[in-house]
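The values are calculated or read from the model by the stated rules, or taken from the named source; none is laboratory data. Everything numeric here is computed off the predicted structure, so don't read it as measured data. Here the Cβ positions follow ideal geometry from the backbone for every residue, glycine too, while neighbour counts run over all protein chains shown. With ligands, DNA and RNA removed, areas are computed over all heavy atoms of the protein, side chains included. Shrake-Rupley method; radii C 1.70, N 1.55, O 1.52, S 1.80 Å.
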Amino acid sequence: MARHYLNGAIEAYDVSRRDEHLALYAQDPKAVCLVRLAWVELWAGDPGRADETARSALELAGGLDHLMTMWYVITYAAIIAAESEDFTRLAELLADADRHRKRLPERYLMVVLEALRGWLDVCEGSTGSIEKIVRSVARSRKEGETLHLTYTLLLLARARGMIGEFREGRAATREGLSWSHRCNQRYLEAELWRVNGELAYRSGETEAAASLRSAVETATAQGARWLELRTLHSFASRFPDQTLREQLGDLIETIPSGHDLPAFRAAIGLLSGSG
């Protein structure tokens, strides 16, 4: 459904009205819809196509020389890189954002990118950088940015898990799930359930299996094959089951790109007995 509407908006784009739209709404609709389409393509299980579409959005935004459009596109392209676990690309995009930072009038737009900086640093071993994510969560709460809050809470939960703070990480996932249900923002629900299940498992809590099952069911119902790949891998690796392995094997056959990315390699490793 999202792909249908985004493609429709892109096809209806009228370049002759571009300047009028920029003046009225402060962003270019084609660039914005392209980068949002890229996220849909990633969730649908085609990270290679998602990267290509995000790069097209960035190229269009760069040609416009319109700061708000560029910042919007960089933000979502960075999320796509993070969710693909392409940390080289994420670092490149964060560096691009830094070049535009001083010109940006609206500070709230920096919330997600600052959280992503913290996330990248934590992944690279700088555990103290978790405070960057904590600050982004606090700003999201204060400024009422529930869409951003859900994502920054997800990053915080993952980071807490990386440094062994499982209980604190689960508090973040529970808050993220609460916001998802309260605001009907379900795009991260499967991943929040997955991370919650992983943290519960690592802390020895009994509801781990139920959380991972909810993650698989949610991703499958949404047709989010990239998230389904992650959730099936987590569930099958924590609670070995032949049916789950068969589901994962069938799903792998439907993923057309991104075979060099960590999530796909981990799934292949599990099925081959090396993961």
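Computed quantities for the displayed model
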item: Every residue from region 76-114 that is at pLDDT 95 or above and under 12 Å from the mean Cα position of the chain (by Cα); result: TYR76, ALA77, ALA78, ILE79, ILE80, ALA81, ALA82, GLU83, SER84, GLU85, ASP86, LEU90
item: Checking ASP28 against (1) open to solvent by less than 20 Å² (accessible area, probe 1.4 Å); (2) under 28 Å from GLY258 (Cα atoms), the condition it does not meet; result: (2)
item: Out of LEU232, LEU244, LEU248, sole residue that is closer than 24 Å to PHE166 by Cα, modelled with pLDDT of 95 or more and open to solvent by less than 60 Å² (accessible area, probe 1.4 Å); result: LEU232
item: Scope region 246-261; condition within 18 Å of THR88 (Cα to Cα) and either touching a residue at least 24 places away in the same chain (Cβ under 8 Å) or acidic (Asp, Glu) (or both); matching residues; result: SER257, GLY258, ASP260, LEU261
item: ALA157 vs. criteria in a helix (DSSP H, G or I), among the aliphatic types (A, V, I, L, M) and over 25 Å from ARG3 (Cβ atoms); result: yes
item: Residue in region 31-42 that is among the aliphatic types (A, V, I, L, M), farther than 19 Å from LEU147 by Cβ and open to solvent by 10 Å² or more (accessible area, probe 1.4 Å) present; result: no
item: Filter result (of a type in the set (Ser, Thr, Tyr) and more than 19 Å from the chain's Cα centre (by Cα)) within region 57-75; result: THR69
item: Matching option when the condition is open to solvent by 30 Å² or more (accessible area, probe 1.4 Å) and part of a helix (DSSP H, G or I), among GLY63, GLY48; result: GLY63
item: Of residues in region 71-105 being open to solvent by 20 Å² or more (accessible area, probe 1.4 Å) and either touching a residue at least 60 places away in the same chain (Cβ under 8 Å) or in contact with a His (Cβ under 6 Å, 6 or more places away or on another chain) (or both), the one farthest from ARG194 (Cα to Cα); result: ASP86
item: Test result for LEU6, more than 17 Å from ALA224 (Cα to Cα), over 14 Å from the mean Cα position of the chain (by Cα), open to solvent by 10 Å² or more (accessible area, probe 1.4 Å) and in contact (Cβ under 8 Å) with a residue 24 or more places away in the chain; result: no
item: Filter result (without any contact (Cβ under 8 Å) to a residue 40 or more places away in the chain and either surrounded by 20 or more Cβ atoms within 10 Å (Cβ to Cβ) or within 14 Å of the chain's Cα centre (by Cα) (or both)) within region 193-227; result: TRP193, ASN196, ALA200, TYR201, ALA208, SER211, LEU212, SER214, ALA215, VAL216, THR218, ALA219
item: Residue among LEU199, LEU227, LEU177 that alone is in a helix (DSSP H, G or I) and under 29 Å from GLY48 (Cβ atoms); result: LEU227
